[in-house]
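What follows is calculated from the coordinates using simple rules that are stated; it is not laboratory data. Everything numeric in this text was worked out from a predicted model, so none of it was measured. Note: ideal-geometry Cβ built from the backbone for every residue, glycine included; neighbour counts use all protein chains shown.
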Amino acid sequence: MTNEELALILDLSQVDYLDSAGIQLLYQLRERLRVRSQVLRLVIPAGSPANHALKLAGISRYIDISETVEDATPRGPKRPRQYERSVRISRSQR
C-alpha cells in the first residue's frame, strides 16, 4: 500500500472464524495505518460469524465497519483514483 492511498478496505465477509489473534492483528493494522494518516475500513455483513466476535471486542469504536465493499468505499465526484485499496480475505487464504 502506497502513501498516496488514504484507506484500506478489508473484506472479511467470507471469514467464518476470527479468534483473539486475528482481532489483535486488526488493531495493529489500524495503528500502523493511523500513524501514516491512513484509515482501515472493514467489510463485515451483519449476519457473519466474525461480526459477533468483533462486536464483543468493541472494534467498531476504533475501526469503520460496513456491510458491503460499496458501502465502505467513499463516494464523491472528486475522490482521488488511488483513494483506497480493497483486499478480500477468502477461505483459502486462512
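Spin-label pair residue 29-residue 60: with each label point 7 Å from Cα along the Cα-Cβ axis, the two points sit 1.9 nm from one another.
Cβ crowding within 10 Å, taken as a proxy for footprinting-reagent exposure, orders 69, 35 from fewest neighbours to most as 35, 69. As a rough guide to protection, the peptides 19-26, 51-58 ranked by mean Cβ packing within 10 Å, highest first, stand as 51-58, 19-26. The amide H of residue 9, built 1.01 Å from its N in the peptide plane, has 41, 85, 86, 87 as neighbours under 5 Å, considering only residues 5 or more places off or on other chains.
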